[in-house]
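Shown next, in structure tokens, is the structure this report addresses.
Since every read-out is calculated from the coordinates, none of them should be taken as a lab result. Source: prediction; values computed, not measured. Quick reminder, even Gly has a Cβ in these numbers, built from the backbone with ideal geometry, and neighbours come from all protein chains shown.
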Ligand code: HEC
Ligand code: HEC
Ligand code: HEC
Ligand code: HEC
């Protein structure tokens, strides 16, 4: 009798376990597949991810007052470059002649700010990860060339009213290449940005949502005005 009861109990237990497992797997199969929608929406396009590198400073830039006395112009900007896009020379004395860069330069150039002894705002570097700064940026030893050459600067792209825009008030296309220029806020925002290209809307972080590259990749494209 005891043995029979034991066998019946065992089978009831097995049956109950079977029902429980079957029920669980049946319910699981009814659940919708997991789609991480939120992540997909917030993921950045890899090509444009550089645009967001300084986005945590965007609101500070929007609140910064304009310091008329220490504004740079685009002419000052080009004076320090062999041609548009070339690495600028270092226009100030080096604090440590033996230093290649790193924190000796990033202390001022990572986030910018006013430097009283040179009476200027330190421009923010768009590439703080390239720590051997003096590999590309050389100090100015003399103000003039030792000897004249026939080197001519490539003219910089036109900017401002009438240039790069389909019509007034429209977002201008980006007239320059994006190589080493993905970090828009570094050059286009804050007091060190030349006044002609300092954006009035640094808070609209996603710059390439409205400003697209103006560099046509094929030669048979009609000028912008004819296309619309
Ligand atoms: C004490 C702060 C400070 C330190 C440290 C410093 N800089 Fe500067 N840097 C400035 C300021 C301010 C300017 C703007 C000067 C001006 O406009 O007259 C500047 C300008 C420059 C420019 C010219 C940028 C342009 O757009 O024309 C380069 C390049 C530069 N610095 C590179 C360096 C390098 C490389 C180092 C490290 C070896 C360095 N700096 C260290 C404050 C600093
Ligand atoms: C591989 C070469 C290279 C290295 C290394 C490098 N730079 Fe530059 N840097 C450039 C070039 C090229 C430009 C000009 C970018 C342009 O106009 O498109 C530039 C531009 C700049 C500017 C001016 C930004 C502006 O407003 O146009 C500053 C400031 C600067 N670099 C600072 C630094 C500092 C500080 C370091 C080290 C942490 C550094 N760079 C390392 C090549 C380099
Ligand atoms: C290394 C500094 C630098 C970076 C980084 C940079 N720019 Fe520029 N940008 C300039 C300069 C300098 C000009 C003026 C024309 C020239 O020299 O190419 C300019 C011009 C422009 C203009 C034309 C303005 C006008 O009035 O016609 C637009 C729009 C623009 N940039 C958008 C962007 C966007 C968007 C990004 C980020 C993807 C960006 N820039 C990154 C330096 C920079
Ligand atoms: C919602 C669209 C939009 C976004 C996002 C946007 N812009 Fe603009 N931008 C415009 C329009 C529109 C103009 C033309 C304004 C005018 O001519 O009155 C403009 C003009 C400019 C100019 C020319 C100078 C000026 O202020 O007129 C620069 C430089 C510029 N933007 C840079 C940027 C940068 C850098 C970012 C990212 C921080 C950015 N923009 C994000 C719409 C946008």
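Against the chain, whose longest principal axis comes from its Cα atoms, helix 2-30 is set at around 30 degrees. Footprinting exposure proxy ranking of 12, 125, fewest other C-beta atoms within 10 angstrom first, gives 12, 125.
Going from the residue with the fewest nearby Cβ atoms within 10 Å to the one with the most, 138, 205 rank 138, 205. Sort region 67-106 into rounded, prolate or oblate with this rule: let a ≥ b ≥ c be the square roots of the eigenvalues of the Cα gyration tensor; rounded if a/c is under 1.5, and if a/c is not under 1.5, prolate when a/b is larger than b/c, oblate otherwise. It is oblate, given that a/c is not under 1.5 and a/b is not larger than b/c. Compute the label zone of residue 136 within region 78-98: residues whose backbone N is under 12 Å from the point 7 Å along Cα-to-Cβ. Answer for region 78-98: 85-89. Mean sequence separation of contacting Cα pairs (under 8 Å, at least six apart), scaled by the length of region 98-228, corresponds to a relative contact order of 23 percent.
Each of 204, 14, 30, 185 was scored by other Cβ atoms within 10 Å of its Cβ. Arranged with the fewest first, they read 30, 14, 204, 185. Considering helices alone, the calculated mean residue ellipticity of the chain at 222 nm is -8000 deg cm²/dmol, with DSSP H runs of length four and up weighted by -39500 (n - 2.57) and normalised per residue.
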